1. Hey, can you list the residues from region A:252-266 whose accessible area shrinks by 10 Å² or more with all protein chains present, relative to the chain by itself (probe 1.4 Å, no ligands or nucleic acids)?
2. Say R0 is 25 Å: what FRET efficiency, to the nearest 0.05, do B:Arg157 and A:Ala17 get from their beta-carbon distance?
3. Filter B:Lys61/B:Lys88; B:Lys9/B:Lys138; A:Lys49/B:Lys138; A:Lys207/B:Lys61; A:Lys49/B:Lys61 down to the pairs with a C-alpha to C-alpha distance above 27 Å, please.
4. State, as an integer percentage, the relative contact order of chain A based on alpha-carbon contacts under 8 Å between residues 6 or more apart.
5. In degrees from 0 to 90, rounded to the nearest 10, what is the angle of the helix A:160-172 Cα long axis to the longest principal axis of chain A?
6. Give me the dipole magnitude in Debye, nearest 20, for region B:12-322 about the Cα centre, with unit charges on the beta carbon: positive for Lys and Arg, negative for Asp and Glu.
7. Using alpha-carbon positions, what is the distance between the centroids of region A:1-48 and region B:171-238, in Å?
8. Just to be sure I understand the interface: list residues from region A:174-217 that lose 30 Å² or more of accessible area between the chain on its own and the complete protein assembly, 1.4 Å probe.
Amino acid sequence: MSAGPVLSVRDLTVSVARDEGWRPIVDGVSFDLQAGQILGLVGESGSGKSMTCRALMRLLPGARLAITGGSIRLGEEELTALDEAAMRKVRGGQIGMIFQNPSSHLDPVMTIGAQIAETIRFHQGASRREAMRQAIEVLRQVGIPDPTARAGSYPHEFSGGMRQRAMIAVALACQPKVLIADEPTTALDVTVQAQILRLLLDLRDSKGLSIIFITHDLGVVSQTCDSIAVMYGGRLAELGPKRDIIRAARHPYTAGLIRCQPGAAATGTYLETIPGQPPTVDAMPSGCRFHPRCPRAGETCREHQPAFISVDLGHRAACHFPEGPGQEAAR
Amino acid sequence: MNATKTNRKPLLDIEDLSVEFKVAGGLVPWKRRVLRAVNGVTLSVHAGETLGIVGESGSGKSTLGRAVLRLGELTAGKVLFEGTDMAKATPSDLARLRRATAMIFQDPYNALNPRLTVGEAIGEVLRVHRKVPAGDVKARVSELLQMVGLAPELAARKPSGLSGGQCQRIGIARALAVEPRLIIADECVAALDVSVQGQIINLLIELRERMGVALIFIAHDLALVRRLCDRVAVMYLGRVVEEGPTAEVFAAPRHPYTASLLRAIPEIDPDRPLSSELLPGDPPSPLNLPRGCAFHPRCALAEARCAEDPPPPLRRRGDHLSACLLDNPT
Ligand SMILES: Nc1ncnc2c1ncn2[C@@H]1O[C@H](COP(=O)(O)OP(=O)(O)OP(=O)(O)O)[C@@H](O)[C@H]1O
Ligand SMILES: Nc1ncnc2c1ncn2[C@@H]1O[C@H](COP(=O)(O)OP(=O)(O)OP(=O)(O)O)[C@@H](O)[C@H]1O
Ligand SMILES: [Mg+2]
Ligand SMILES: [Mg+2]
């Protein structure tokens, strides 16, 4: 067994074709995922989290989108060089993905059980009967009540959270090495969420499953992840061990996210937000993309893109004027 | 505010509402079985008030929301909107309901027509409800997009060119376009980062204060519910098991299910690992309702009488109702 990372992403760039040329949506993202590691991916809505993960699966939604640079290595294999047939074996087999919008990835005219069983048959060549038995078993694992009966339901007969759990079941059905989970628990109540998180942690411990976990919930990140990556405007703003990121964020955007948690203030009082608007793909600010909203921004920030440099052991940030070490983030 | 509320009639009065679905049976697929998604729910909301609905995934929250706005079927019960029973609505009653209410759907992709651009999708609402003269539609669309924190340029995109959170905000903009007096928001900020989430919640607070909009806020995020809602109802397996002023329910929950929900809120503390204390037992099935209190098979405090029919009714103490037989369960 090699000690290298299971998944290694370097300078990944995903762009959209415009009349004037390619515009990057994901811009030079690099990170490693070790065996059994859980990496939380957080950040602004629209910052490119889902796009990054879909690029890893080579499943970009739309003909005008393409990977225009960088490399994605799964063990020894360069995924950007694989043809579609080889990629299909990787998807669902070695890398499982829980999509953010389950209903567009579940077939509306096929029962939930049949969909999971089909994935199992495709990747493992199990018999129809055996595949259905396994499908019911994974549905039970993700906490669908009465799984034998509910395997016969169609997606529209499931609640939002049940569809999300069906999606998790599809992704886990073939026991992948790497799981990409895009907002897997947003439609779940906290007790079911805890049960799913426990399942993922158990799979990590027993099978060495590695996970990229996209979420907006810093509570969930705190409880499950080893490290946290923060995205802003298509780039990584900060990456480091979860304790460092939550207790001593260096990038002002990360610090802002932590400050905006709803907390326990009185009912009906306004919430704190980060002032200003997030950038869009067609109007990216120069220099540091966060500078128009940043309380610490200076002249340099307007002109030069900050390098993604080491600020502490295993902790990198892309900021010209990072918040000081030891300066605890508010809260 | 509370004083005026008590001597006014509620805007919405839901009485004993039930919704059933017929679904295929498991081992005998040709035998249809009845699934009781909503089971005798009674709730009311005043103008300017925000009612939170939380609870188990699959407990009937979305089904309840759709039935109340007559976007889904209902099996029994009354839905009084400004005194008119919408369960027996005439076409003109329904038209009035459509003009005065809006739903923000849980699944933003499903709720949007993939062939329409964002501008067309919002413009459609403005036109159907004749909210602005035809010449002003474009300007109003831009304004609505900005209200939900989106760049007006997004009006030219189709849903497939949007991120999850951007799609969700299109759903919110469409609901606001109606200028409704009642909004049912089903997990409307679940896909948003905390800063944008804050912006949307602040917008809802403002609508409530300025225009007296009533809001039913269905959500799994209990910290937000606590921040936004005046009252909260907790659902379990189709029934409301607890209801009361938000501060009171959070400080002193009376139903053991509510208590276990509150205990499971993940805290932002990297030194506190995921609790291994999970709710025991299998989640119950609405196809096969347990006898007595639906929560008893998973309840640490359950006694023999909890398993006896009929299920415990909601009992009132002050402003706070709970459906538990025990006197001080939590
Ligand atoms: N087909 C497309 N053409 C142009 N831009 C696109 C297209 N699809 C997505 N985008 C843009 O790419 C950006 C990144 O989208 P992505 O879905 O990765 O965001 P995200 O970080 O997952 O956000 P969220 O938290 O809201 O899900 C968004 O700003 C989105 O508007
Ligand atoms: N069209 C339908 N046909 C059959 N069963 C349905 C249908 N719609 C909903 N159900 C069932 O009704 C129950 C309640 O579903 P509902 O979507 O209201 O739950 P919910 O409380 O909104 O859950 P979540 O928090 O997961 O969104 C579930 O068991 C679901 O499977
Ligand atoms: Mg996304
Ligand atoms: Mg729902």
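The values are calculated or read from the model by the stated rules, or taken from the named source; none is laboratory data. Remember, predicted model here, so these are calculated numbers, not experimental data. As a convention, Cβ positions derive from the backbone with ideal geometry for all residues, glycine included, and neighbour counts pool all protein chains shown. These area figures cover heavy atoms from the full protein model, side chains too; ligands, DNA and RNA do not enter into them. Shrake-Rupley method; radii C 1.70, N 1.55, O 1.52, S 1.80 Å.
1. Buried-area filter returns A:Leu257, A:Cys260, A:Gln261, A:Pro262, A:Gly263, A:Ala264, A:Ala265.
2. Numbers: r = 14 Å, r/R0 = 0.57.
So, using R0 = 25 Å, E works out to roughly 0.95.
3. Numbers: B:Lys61/B:Lys88 21 Å; B:Lys9/B:Lys138 38 Å; A:Lys49/B:Lys138 30 Å; A:Lys207/B:Lys61 36 Å; A:Lys49/B:Lys61 29 Å.
Among B:Lys61/B:Lys88; B:Lys9/B:Lys138; A:Lys49/B:Lys138; A:Lys207/B:Lys61; A:Lys49/B:Lys61, the Cα-Cα distance tops 27 Å for B:Lys9/B:Lys138; A:Lys49/B:Lys138; A:Lys207/B:Lys61; A:Lys49/B:Lys61.
4. On the way: 608 pairs, mean separation 62.8, N = 331.
Contact order relative to length: 19 percent.
5. Value to nearest ten degrees: 80.
6. Details: 39 positive and 36 negative charges, 196 e Å.
In debye, rounded to 20, region B:12-322 gives about 940.
7. After rounding, the separation between the Cα centres reads 33 Å.
8. Buried by the other chains: A:Thr186, A:Ala187, A:Asp189, A:Val190, A:Thr191, A:Ala194, A:Gln195, A:Arg198, A:His216.
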